Amino acid sequence: MEGITEMTNWAVDLIDVRKTYSKRIEALRGVNVQVKRGEIFGLLGPNGAGKTTLVKIMMTIVRPTHVLGTILGRPIGHRGKLARIGYLPESHRFPPYLTGAQLLDYYAALARVPRATRRKNVDRLLDRVWLAQWGGTRIDKYSKGMLQRLGIAQALMNDPELLVLDEPTDGLDPVGRRDVRELLLELRDKGTTIFLNSHLLSELEMVCDRVAILVDGLVARQGTLSELTEHTVEYRIKVHGDLLPVVDKLKALEAELDGTIISLAGHDAAKVNAVIDVLRGANVLIEAIEPHRFSLEDILVEVVGGGARVAHPVGTQDAG
């Protein structure tokens, strides 16, 4: 695109991405995604939403039907900028006869990383992904979790400006997922832009600055977690006692009653205090007052058109 320079604030600026396969199957129907430099951005959505297709278009593995925009300030597919991207595909396959160290060196050489830099990065990254003692071992001896760690190291061998990870914690146990989260936050703090595609919504909640929800080939919502869950904030008041005498007063304050739980939507502290005054005036025992907000799983279910509105504290849900 003429006139676009590397000075744009977007590391990824995708406009009207479309992909139609044979038999008129529309995988992507006009996707717009913007990722700021130096942030962790999460892409989520149900199976078949088009997430992996979008990632493969970014990496020039799949040819789009139509696309505008830039990656790292240059048109998609720019050779110089592709060399500045680290990529871990979903369900990757590595040559089993190579050792861990040989594999890292091989992939870095493909990205034209100088030999001296490759040698330095191999030792550093094997240590950083907790495989320092396995560098000389053939990778056909590696467990699935070890292969995933090695894949992340592979994606970092060229010291990328943009790191694109498709299901990066696949095959990792809870300790391994925590280690990867810590690594991603460390990379972000050093200025690396990270683009994550994952179905583990709890993992995205813990690391992402912003997310996009892809449904049926379109971006249904995009923003920070706070922006996406703003409309779901509510207070829940657990009580013990007879509410019948004050039901009308509570409903006048827009409170919802469900047994011993009173719910109030929004941030209105004055309204919460008014409800508390009503309850105290009726000698109703207040057992707990808790703020609640939708999790990413709840938001995804809401967007897709799933079940009833049930709020959970953010970070407590795991969507496998």
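Every read-out reported here was derived from the displayed coordinates using simple, explicitly stated rules and does not represent laboratory data. Here the structure is a predicted model, which is why all the values come from computation and not from measurement. Cβ: placed from backbone, ideal geometry, glycine included. Neighbour counts: every protein chain shown.
Structural remarks
- Cross-linked pairs LYS56/LYS144; LYS51/LYS81; LYS36/LYS190; LYS23/LYS56; LYS19/LYS144; LYS19/LYS190: Cα-Cα separations exceed 26 Å for LYS19/LYS144; LYS19/LYS190.
- Equivalent ellipsoid of the chain: semi-axes from √(5λ) of the C-alpha gyration tensor, largest first, are 45, 24, 17 Å.
- Radius of gyration and Dmax over the Cα atoms of the stretch 166-230, both given in Å: 12.6, 35
- A straight Cα-to-Cα reach below 28 Å connects LYS251 with the lysines LYS238, LYS271, residues fewer than 8 places away in its own chain not being considered.
- Among beta bridges that DSSP assigns inside the chain, antiparallel share in %, nearest 5: 70
- Net length gained if the chain between HIS231 and ILE276 were fully extended (0.36 nm per residue, minus Cα distance): 14.0 nm
- GNM result for the chain, Cα springs below 10 Å: residue of ILE261, ILE76, ILE152 fluctuating most strongly: ILE261
- Cα centre as origin, Lys/Arg/Asp/Glu Cβ charges: the stretch 72-193 dipole, Debye: 480
- Positive-end ranking of PHE94, ALA282, TYR142 along the dipole of the chain, with charges on Cβ about the Cα centre, is headed by PHE94.
- For the chain, excluding the exposed loop sites themselves (GluC sites (Glu not before Pro), DSSP loop, at most 14 other Cβ atoms within 10 Å), the longest remaining stretch covers 7-253.
- Within the chain, longest stretch clear of exposed trypsin sites (Lys or Arg not before Pro) (DSSP loop, no more than 15 other Cβ within 10 Å): 191-308
- The simple Förster model, with R0 at 56 Å and r as the Cβ-Cβ distance, assigns GLU287 and ARG115 a FRET efficiency of 0.25.
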